[in-house]
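For reference, the structure discussed in these notes is given below.
The values are calculated or read from the model by the stated rules, or taken from the named source; none is laboratory data. Note that this is a predicted model, so its numbers are computed, not measured. Here the Cβ is made from the backbone with ideal geometry for all residues, glycine too, and neighbour counts use every protein chain on show. The area values use the complete protein model at the heavy-atom level, side chains included, leaving out ligands, DNA and RNA. Shrake-Rupley method; radii C 1.70, N 1.55, O 1.52, S 1.80 Å.
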Amino acid sequence: MIATIFFNLFSMSKKLIAIHHRPGSFSDRWIEYCQENNFSYKLVDCNKTDIIKQLEGCLGLMWHWDLTDYKSYIFARQLTYSLTLKGIKVFPDQNTSWHYDDKVGQKYLLEAIGAPLVKTYIFYNKKEALKWLNTATFPKVFKLRGGAGSSNVKLAQDKKQARKFIRKAFIKGYPHKNRLEQLKERFWVLRRDRNIAGIENLVRGIGRFFIPKQNDKFYLKQKGYVYFQDFIPKNTFDTRIVVIGERCFGARRYCRTGDFRASGSGIFTYNPLLINKKMIAIAFDVAKKLGTQSLAFDFVIDNNDPKIIEMSYCFAIECCDDAPGYWDTNLKWCAGEVNLQKFMIQDFIEALNTNKHRSLKSSKQAIDE
Ligand SMILES: Nc1ncnc2c1ncn2[C@@H]1O[C@H](COP(=O)(O)OP(=O)(O)OP(=O)(O)O)[C@@H](O)[C@H]1O
Ligand SMILES: [Mg+2]
């Protein structure tokens, strides 16, 4: 108790955490949490060259960077890792984020720890990939290393289609963002919602198709590798499982009509009775092995066995808002309000608190000795 009061006083005078604010991102809710709980925080701008100086006196940095910002691919991992060497705790830390939006990295990581990843094949050589086609079974799922909302995920029904994907991967390459797929996505949203917002969204999309955002031009082209996964049939939905600390959240996401892809369909339920417990256990186990602060998994079912298709430290800001609770590490259901960003910052502050006490304790021990 006394320790907590001391820590709170310390945090008020020392600027406990720095937050990079990007409106519309997790930082909206992190800031809200600090304000509601009287935690001292400092707004910083990670994009500025003097970021290390801005962080002077701060114990931790929270920065929600993601695939919508090309700059984060250039330096987010590098900056946050460097800060940890300086003793500044970060969210997301290296364990949590190095594999973000990197399905190639995830293949090796999940295989290395023996996690149940859907069988995945990667080739860095056209000849080798074409040779593999002779023994492969079909369909296979073709993916790019990055992307969200299923926009870079396609089905290769047969050898001929797979060959086309391989040729393009090693000759012309693929844009990181597929504008045609994104436009189709807006058509799908309009068909699903049939409202004015859907029409506006489509009109904006047509504009974006012809005139891409300036920033979109900075993403690197995807070429020189090709990624396939076994297609796991009969999945009319996938399951999104999120692990934040010792809490696990679940959603069932249904596929678009006439499509094998669920992500981005916008049709989902948080009914806990529909979430497979084996997935929760696997997710807790993988998150523990990887030592992550926040990790979302997408699962499908392969003959009764849950298989991971990919993972990501971040997700849509409103993810799980309507969930009626979560499971703890004993797989016990805990009913209650869900705000994933609040759980992230609670854990982060708690970890800072523990670190601080540990360092106060060790300096006291050093004095005693
Ligand atoms: N190997 C597979 N077998 C069957 N269905 C799959 C497979 N891989 C992906 N899918 C389906 O396609 C969807 C999109 O795949 P994936 O999650 O890999 O792409 P993404 O665009 O990165 O998604 P997200 O928006 O979740 O980041 C999944 O939600 C799932 O429904
Ligand atoms: Mg996914």
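Computed quantities for the displayed model
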quantity: Sequence-distant residues sharing a close amide H with residue 174 (under 5 Å, placed H); calculated: 222, 223
quantity: Flagged links, alpha-carbon separation over 24 Å, of 177/234; 119/217; 126/160; 288/332; 184/217; 53/289; calculated: 177/234; 119/217; 53/289
quantity: For the range 108-184 versus the range 276-293, the gap between their alpha-carbon centres in whole angstrom; calculated: 26 Å
quantity: Average Cα contact separation per residue, the range 220-288, under 8 Å, 6 or more apart, as relative contact order %; calculated: 26 percent
quantity: The chain: C-alpha gyration tensor shape, a/c 1.5 cut-off, then a/b vs b/c; calculated: prolate
quantity: As computed over the range 117-230, the Cα convex hull volume per residue (Å³); calculated: 119 Å³
quantity: Among 175, 237, 198 the positive-end extreme of the charge dipole of the chain (Cβ point charges); calculated: 175
quantity: Accessible surface of the chain [probe 1.4 Å, protein heavy atoms]: carbon and sulfur percent; calculated: 55 percent
quantity: Relative contact order of the range 117-230, defined on C-alpha pairs under 8 angstrom at six or more residues apart (%); calculated: 43 percent
quantity: Volume per residue that the Cα convex hull of the range 175-329 spans, once the total is divided by residue count, Å³; calculated: 153 Å³
quantity: Derived scalar couplings ³J(HN,Hα) [the range 187-192; Karplus, 6.51 cos²θ - 1.76 cosθ + 1.60; whole Hz; x for Gly, Pro]; calculated: 4, 4, 5, 5, 4, 6
quantity: Spherically averaged projected area in nm², based on the convex hull that wraps the Cα atoms of the range 237-335; calculated: 6.1 nm²
quantity: Table column - 3J(HN,Hα) (Hz), the range 242-250, Karplus curve with 6.51, -1.76, 1.60, x for Gly and Pro; calculated: 10, 10, 10, x, 9, 10, 10, 10, x
quantity: Two-decimal log10 I(q)/I(0) for the range 67-131, as the Debye equation yields it once each C-alpha is a single scatterer, q = 0.14, 0.21, 0.22 Å⁻¹; calculated: -0.59, -0.95, -0.98
quantity: The range 20-94 and the range 309-352: distance between their alpha carbon centers, rounded to Å; calculated: 19 Å
